[in-house]
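*Asks:* Sharing a structure, written as structure tokens. Questions coming.
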Amino acid sequence: MSTPTVALAAKQRTPVRPARVLLHVFLVVTALAWLAPLLWAMFAALRPYSETSAKGYVSWPDKLSFDNFTNAFEQSDMMHYFGNTLIIAVPAVLLTLLLSSMVAFYVSRFDFRFNIALLLVFTAGNLLPQQVIITPLYRMYLLIDLPGITVSGKLYDSALGLVLIHVAFQSGFCAFVLSNYMRMLPHELTEAALVDGASVWRMYWQIVLPLCKPAMAALATLLSIWIYNDFFWAIVLISTGDNMPITSALNNLSGQYFTDPNLVAAGALLTAIPTLIVYFVLQRQFVSGLTLGANKG
């Protein structure tokens, strides 16, 4: 009997374990439960409001079209809010990664007395509820004048204000993740560079940082999604409607006396497209970044 035939026969005799069947059933049910709201929103967005109001949402559709998507895109002035979000998200992500990587490099490659304490200070900022500091932060933003720098002349009601608050709140988590990753890198790399006369900046920029691309890509994906989906800080720190990010564009689809749920569902699906693009572009780096150290002994 040939080797392939023996392997095939052995595979056929392998019994199916009940635990594995239950695992696959659980995964399928969980995936369907996770996708159900998205699929239901898509189903509602493809139907006209007149049909769902007459027959209900749990009914067979007479017509499916993309009219709600077109109307949501035009009525909410979505391109304008996409631009506002890019102005906030791109600098916030880049600044957060840059500053947190500097902190991570310092606490992971240099030994000093307050090494761990410094990292804990940065990480502790993520444990502070946003609602706790909203009143003093709001008053501080009103008192900071930035004439000629922002359109409003203040830190309040400006994209710069949102960028700074996102950097402040996200840097702790990123510094914690990057410091753990940098500790996994061999110290011989920086020691050899130091012997060769490399400066601290060169060790950071040309040696350590390029090796952190998987972790940086994973964090960039998470930061892009978190900052893009932010609604709390935009509502609190922005008062002018034209300055708000994309999450507030859905408010333009709600009227004072009437709201079309199908139109809002279409708008919500449209706003989710950029986050999906970011994830699919960085998917490989994101997955590799999440599994860092999984096989470390």
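The values are calculated or read from the model by the stated rules, or taken from the named source; none is laboratory data. Everything quoted here is computed from the prediction, not taken from an experiment. Because the Cβ atoms are built from the backbone with ideal geometry, glycine has one as well, and the counts that use them run over all protein chains shown. Protein only, heavy atoms only, side chains kept; ligands, DNA and RNA dropped before computing areas. Shrake-Rupley method; radii C 1.70, N 1.55, O 1.52, S 1.80 Å.
*Asks:* For n ≥ 4 DSSP H runs only, could you compute -39500 (n - 2.57) per run for the chain, divide by its residues and tell me the 222 nm figure to the nearest 500?
*Replies:* Taking each H run of at least 4 residues, the total per residue is -21000 deg cm²/dmol.
*Asks:* Hey, another quick one. Just report the Cα centroid separation between region 221-277 and region 40-73, whole Å.
*Replies:* Cα centres, region 221-277 to region 40-73: 20 Å.
*Asks:* Here's a follow-up. If packing is taken as the mean number of other Cβ atoms within 10 Å per residue, what is the order of 192-201, 63-72, highest first?
*Replies:* In decreasing order of mean packing, 192-201, 63-72 become 63-72, 192-201.
*Asks:* About its Cα centre, what dipole magnitude does the chain give when the only charges are +1 on Lys and Arg Cβ and -1 on Asp and Glu Cβ, stated in debye to the nearest 20?
*Replies:* Using Cβ point charges on Lys, Arg, Asp and Glu, the chain gives about 1280 debye.
*Asks:* I've got another one for you. Can you give the FRET efficiency to the nearest 0.05 for S50 and R139, using r as the Cβ-Cβ distance and R₀ = 45 Å?
*Replies:* Efficiency computed from Cβ-Cβ geometry: 0.40.
*Asks:* Another question, if that's okay. Quick one: grab Rg to one decimal and Dmax as a whole number for region 143-252, Cα atoms only, in Å.
*Replies:* According to the Cα coordinates of region 143-252, Rg and Dmax are 19.2, 61 Å.
*Asks:* Now for a different question. Please work out the average accessible area per residue across region 15-152, using the 1.4 Å probe convention, and give it in Å².
*Replies:* Ligands and nucleic acids excluded, the result is 69 Å² per residue.
*Asks:* If you don't mind, there's one more thing I want to ask. For S199 and T70, compute 0.36 nm times the residue count separating them, minus their Cα-Cα distance, and round to one decimal in nm.
*Replies:* Length difference between fully extended and current span is 40.9 nm.
*Asks:* May I pose another question? Roll a 1.4 angstrom probe over the protein heavy atoms and tell me the percent of accessible area of the chain that is carbon or sulfur.
*Replies:* Roughly 69 percent, rounded to a whole number.
*Asks:* What residue among P18, P245, P186 shows peak mean-square fluctuation when the chain is described by a Gaussian network model with Cα springs under 10 Å?
*Replies:* Maximum among the listed residues: P18.
*Asks:* Another question about this same structure. Once the dipole of the chain is set up with Lys and Arg at +1 and Asp and Glu at -1 on Cβ about the Cα centre, which of S76, M203, M42 lies farthest towards its positive end?
*Replies:* M203
*Asks:* Whenever you get a sec, line up M216, M140, M182 from highest to lowest accessible area (probe 1.4 Å, protein heavy atoms).
*Replies:* So the residues, ranked largest to smallest area, are M140, M216, M182.
*Asks:* Further, regarding this structure: In Å², and per residue, what accessible area does region 195-287 have when probed at 1.4 Å with the other protein chains present?
*Replies:* 52 Å²
*Asks:* What figure, in Å² to the nearest 10, do you get for the accessible area of W226 with a 1.4 Å probe and non-protein molecules left out?
*Replies:* Answer for W226: close to 110 Å² accessible.
*Asks:* Kindly sort T259, T135, T275 by accessible area of their heavy atoms, largest first, with the probe set to 1.4 Å.
*Replies:* So, going from the largest accessible area down, we get T135, T259, T275.
*Asks:* Further, regarding this structure: Would you mind telling me which residue in R284, R20, R202 has the biggest mean-square fluctuation in a Gaussian network model of the chain, where springs connect alpha carbons within a distance under 10 angstrom?
*Replies:* R20
*Asks:* Work out the FRET efficiency for V132 and V28 from their Cβ-Cβ distance, taking R0 = 41 Å, and round it to the nearest 0.05.
*Replies:* Result of the calculation: an efficiency of 0.50.
*Asks:* So for S53, S76, what's the accessible-area order with a 1.4 Å probe, most first?
*Replies:* From most exposed to least exposed: S53, S76.
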